[in-house]
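First comes the structure, then the notes that go with it.
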Amino acid sequence: MKALLIFVLLCPAIVNAAIVNESLYILKDSIVVSSGEKLPYLTYNASTSFTGTNARIVLSPGDVLDLWVHNMDASEHHFEIRGTTPSESILSGDSIHIIHTFLENGIHVFHDPLNYPNQASLGLGGMIVVRDHSYPSFYWNIKEHKRGQNDTVLLGGAVDWAHYSPDFFTINGKSNPYINQDSNARVTGIVGDEIYIYVTNTGQSIHPLHFHGYHVEVRASTRNPNHVGRMKDSQGIYPAEGVVLRLIPDKEGEYPVHDHNLVTTTGANVYPLGLFTTILIAP
């Protein structure tokens, strides 16, 4: 292993910052989509055991992230925290070391920008959340997938992104109904709760999320900071964007959340095996 990248940003006003040690492992395996097919897939996992859900890192403002990224794949990959650290190459079997202080609440997207968006389309993308609260929090990493495309990228073939028409749509690597079995994705609470939903779009399509029954407040956006403060029932999430949404439910019930691009609520055109989940609020 060798340390290739070190970033340090110090703020004298923060004297009780914690050093948070994290590791990410680039692993290749496959995920099973709603049709039962297997797609070759790569993720940033928190251990050497593969899972189709990319790791997320949760910090407090002022925390110093001490991060190792290990490439366990047979091919070269890159790593960057968008808008925070530049892209760095990680050869097969090698590692990079990043130290960075995160001063403010927010959300950050990390991914593989090599030949973007080809390598990222294989699955390599996750989130860093910085928060100063203990309110109920949920995490949605949105992606989409196309039959055969991952194989093409892995073999070095050309992808026609101008005519991109994906077949499968997931939150945290899961399609409906399995999204609701993910306690980090399935939003639950009681009337009057202050609830935060952290969303990253690590796919290649715009995903306009529509909330039935409630409005959400935009608290942060890595792409559209002018949207902060808006109360909306629909929020478009652009590729490589991170958004923080606050929900304060005013009534009990179970209400759906889905992408307003209705094809994304399907899996291989079968409804509702796609980007579809529900919010469950108790009185």
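Identify the residue in the stretch 185-203 that is within 12 Å of the chain's Cα centre (by Cα) and part of a loop (DSSP other than H, G, I, E, B) and, among all such residues, is nearest to Asp233 (Cα to Cα). Ranking the candidates gives Ala185 first. Residues in the stretch 222-268 that are in contact (Cβ under 8 Å) with a residue 12 or more places away in the chain, within 28 Å of Val130 (Cβ to Cβ) and among the aliphatic types (A, V, I, L, M): Met231, Ile237, Ala240, Val243, Val244, Leu245, Leu247, Ile248, Val257. Residues that are outside any strand (DSSP E or B), touching an Asp or Glu at 6+ places or on another chain (Cβ under 6 Å) and surrounded by fewer than 21 Cβ atoms within 10 Å (Cβ to Cβ) occur at least once in the stretch 220-233.
Only residues that are basic (Lys, Arg) and under 27 Å from Gly36 (Cβ atoms): list them for the stretch 174-221, please. Lys174, Arg186, listed by residue number.
Selection within the stretch 179-199: residues that are within 14 Å of Val257 (Cα to Cα) and in contact with a Ser or Thr (Cβ under 9 Å, 6 or more places away or on another chain). The member of this set that is surrounded by the most Cβ atoms within 10 Å (Cβ to Cβ) is Val187. Screening Asn180 with (1) assigned to a loop (DSSP other than H, G, I, E, B); (2) of a type in the set (S, T, N, Q); (3) in contact (Cβ under 8 Å) with a residue 40 or more places away in the chain gives one miss only, at (1).
Only residues that are in contact with a His (Cβ under 8 Å, 6 or more places away or on another chain) and assigned to a helix (DSSP H, G or I): list them for the stretch 254-283, please. Within the stretch 254-283, Thr264, Thr265 meet the criteria. Residues in the stretch 160-184 that are closer than 17 Å to Ser121 by Cβ, of a type in the set (D, E, K, R) and touching a strand residue (DSSP E or B) at 6+ places or on another chain (Cβ under 8 Å): Asp167 alone.
Number of residues in the stretch 55-94 that are touching a Pro at 6+ places or on another chain (Cβ under 8 Å) and among the small types (Gly, Ala, Ser) equals 1. Inclusion of Ser47 among residues that are over 19 Å from the mean Cα position of the chain (by Cα), among the polar types (S, T, N, Q) and at pLDDT 95 or above is not warranted.
The values are calculated or read from the model by the stated rules, or taken from the named source; none is laboratory data. Since we're looking at a predicted model, the values are computed, not measured. All Cβ positions, glycine included, derive from the backbone under ideal geometry; neighbour counts span all protein chains shown.
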